[in-house]
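Enquirer: There's a structure below that I have some questions on.
The values are calculated or read from the model by the stated rules, or taken from the named source; none is laboratory data. Quick caveat, the model's predicted, so the values are computed rather than measured. Neighbour counts are summed over all protein chains in view; Cβ atoms, including those assigned to glycine, are modelled from backbone coordinates with ideal geometry. Accessible surface is based on the protein model in full, side chains and every heavy atom, while ligands, DNA and RNA are left aside. Shrake-Rupley method; radii C 1.70, N 1.55, O 1.52, S 1.80 Å.
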Amino acid sequence: PYTEFFSEPQHQAACIAPLKATNTLGKLDIFVNVAGGGITGQAEAILLGVARALKGYDPSLEPTLREN
C-alpha cells in the first residue's frame with residue numbers, strides 16, 4: 001500500500017491525486033514499481049504514471065486530468 005511506502009501526507013496525496021480528480025479512487029486496482037530518485041520524485045512519477053494510465057483507460061478523463 002502507498003501509505004506504507006510513503007510516510008509524508010503530501011507524497012501520499014500525490015499518489016492518489018489523479019484518482020481523486022477523476023472519481024476513480026477505490027474503483028481500480030493499481031500496481032506501481034518505482035526505483036531511483038528521491039522519495040518526492042517517486043511520488044511525482046507515480047502521479048504522472050497513474051494519470052497517463054487513466055487517460056489510456058478512459059480518454060474522456062483527459063480534460064479533467066489536464067485541469068488538475
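Okay, residues lined up against (1) within 20 Å of P63 (Cα to Cα); (2) open to solvent by less than 80 Å² (accessible area, probe 1.4 Å); (3) basic (K, R); (4) in a helix (DSSP H, G or I):
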site	(1), (2), (3), (4)
E4	no, no, no, yes
S7	no, no, no, no
C15	yes, yes, no, yes
P18	yes, yes, no, yes
D29	no, no, no, no
V32	no, yes, no, no
Q42	no, yes, no, yes
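Enquirer: Give all pairs with beta carbons closer than 8 Å in which a residue from the stretch 31-43 that is within 17 Å of A17 (Cα to Cα) meets a residue that is open to solvent by 70 Å² or more (accessible area, probe 1.4 Å) and acidic (D, E); count only pairs at least 6 apart in sequence or on separate chains.
Expert: I39/E8
Enquirer: Which condition does I46 not pass, out of (1) open to solvent by less than 100 Å² (accessible area, probe 1.4 Å); (2) modelled with pLDDT under 95, if it passes all the others?
Expert: Unmet condition: (2).
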